[in-house]
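First the structure, in the form of structure tokens, and then the observations on it.
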Amino acid sequence: MKTSLFILLFFVLSFSKQSEPVQIQADRFEVDISSNQFIAEDNVVIQQGEIMITAKRATYTSKRDFINIDKDVSLKYQDLNLKSDVLVFDRIKQQMLAEGHLKVDNRDISITSERLRYDIDPNIILFVGETTVVQKKNVIKGRNIIYDVNKRKLSSSEKTQMRLESTPTNR
Amino acid sequence: MISRLVVFFGFIALLFFIFSQINFSPGTLVKKKVPDFVLENSYTRHYVRGEPKFTIQAKRIEIYDHRLEIQDAVVRFQPSIEVFSDTMTLDLAKGILWANQNVMVRANQFQYFGTKVLYDIKQKRFTGYNRGKLLLGSK
């Protein structure tokens with residue numbers, strides 16, 4: 001009996017994943033209450049817990065609980081800095097998709113790529129397309145690279161090749 | 001005879017001078033200064049051309065034709081939309097509400113805080129000006 005209750009509780013807790021409240025500041029808002037949609041424009045600042053995103057525009061549609069953020073997007077979360085043209089924040093999955101002039105900085109690691117998917121909860125980023133990782137004098141080039149932010153570990157799928165190009169130090 | 005003419009033309013010149021000094025401003029609409037009615041600590045129900053009714057709970061309402069000047073109030077629209085503000089102007093003819101100080105709009109999924117909001121009653125939309133803050137609740 002106890003075991004079944006525990007299993008039931010586990011399933012209830014796992015599937016009742018709620019999106020955290022988000023605070024959005026902007027110079028101007030256009031809000032449609034009947035459809036639960038809004039557009040925030042100019043000096044947009046989005047905050048959810050430790051995550052802070054700045055941009056020029058953000059739009060929200062309640063149907064999919066997505067915040068579409070575009071124009072000079074900049075994200076800061078702990079030691080991570082992300083810059084891109086477009087960023088889509090999926091509040092339910094706590095996942096972000098970004099593309100366009102993409103650059104991620106984490107301490108001494110700098111990564112540029114075509115697109116990324118950032119899962120906030122495990123703090124793991126999947127870089128899709130041509131990706132370049134620069135750490136001090138080392139340069140790693142490859143496709144579809146996975147970066148574990150907490151462990152500071154890079155990995156890649158089977159078919160992907162990673163090339164390490166160490167730059168000799170000038171003495 | 002000449003002195004009479006001098007007096008007459010002098011009088012005409014004086015009138016011309018007086019009228020030239022008067023500055024006729026273009027016909028700007030001036031809001032009526034005295035309200036038709038004043039309600040204090042009131043709770044009222046309103047309708048805007050067949051739209052669902054809304055209520056105003058206010059410390060003071062001044063009524064001028066189709067315009068209401070409201071102080072320290074909460075306007076409740078259906079379903080569950082509330083606008084709080086220190087000062088509001090409700091244009092019943094246009095179906096719009098201007099909220100100007102310490103504004104809070106509370107709707108189903110979010111709360112908005114700002115200093116200047118234009119709410120369209122029929123469209124159930126609003127525009128927030130002068131930088132505002134929107135809290136998007138959990139879903």
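Annotations for the structure displayed:
- Top-ranked residue of segment B:79-107 - restricted to ones that are farther than 18 Å from B:Val48 by Cβ and of a type in the set (Val, Ile, Thr), ranked as surrounded by the fewest Cβ atoms within 10 Å (Cβ to Cβ): B:Thr87
- Scanning segment A:101-116 finds no residues that are out of contact with any Lys or Arg (no Cβ under 6 Å at 6 or more places or on another chain), under 25 Å from B:Leu135 (Cβ atoms) and surrounded by 15 or more Cβ atoms within 10 Å (Cβ to Cβ).
- Residues that are more than 8 Å from chain A (Cβ to nearest Cβ) and of a type in the set (Ser, Thr, Tyr), drawn from segment B:116-132: B:Tyr119
- Note on segment A:15-68: residues that are among the aliphatic types (A, V, I, L, M) and part of a loop (DSSP other than H, G, I, E, B) total 1.
- Sole exception among (1) more than 14 Å from chain A (Cβ to nearest Cβ); (2) touching a strand residue (DSSP E or B) at 6+ places or on another chain (Cβ under 9 Å); (3) not in a strand (DSSP E or B) for B:Glu62, by number: (3)
- For segment B:118-139, the tally of residues that are among the aliphatic types (A, V, I, L, M) and touching a Ser or Thr at 6+ places or on another chain (Cβ under 7 Å) stands at 1.
- Count - residues of segment A:88-100 that are surrounded by 16 or more Cβ atoms within 10 Å (Cβ to Cβ) and under 16 Å from A:Gly129 (Cα atoms): 3
- Condition broken by B:Lys122, with the remaining ones in (1) without any contact (Cβ under 8 Å) to a residue 60 or more places away in the chain; (2) in contact with a Gly (Cβ under 6 Å, 6 or more places away or on another chain); (3) not in a strand (DSSP E or B) satisfied: (1)
- Here B:Phe37 fulfils each of the conditions (1) crowded, with 17+ Cβ neighbours inside 10 Å; (2) at pLDDT 90 or above apart from (1).
- All positions within segment B:117-132 that are surrounded by fewer than 17 Cβ atoms within 10 Å (Cβ to Cβ) and either at pLDDT 95 or above or farther than 22 Å from A:Ser62 by Cα (or both): B:Leu118, B:Thr127, B:Tyr129, B:Asn130, B:Arg131
- Where B:Phe113 falls short, out of the listed (1) away from every other protein chain (no Cβ under 14 Å); (2) modelled with pLDDT of 90 or more: (1)
- From the list A:Asp72, A:Asp42, A:Asp27, the lone residue that is surrounded by fewer than 18 Cβ atoms within 10 Å (Cβ to Cβ) and either away from chain B (no Cβ under 14 Å) or in contact with a Cys (Cβ under 8 Å, 6 or more places away or on another chain) (or both) is A:Asp72.
The values are calculated or read from the model by the stated rules, or taken from the named source; none is laboratory data. Just so it is clear, the structure is predicted and the values come from calculations on it, not from any experiment. For neighbour counting, all protein chains shown are included, and Cβ atoms are generated from backbone atoms with ideal geometry for every residue, glycine included.
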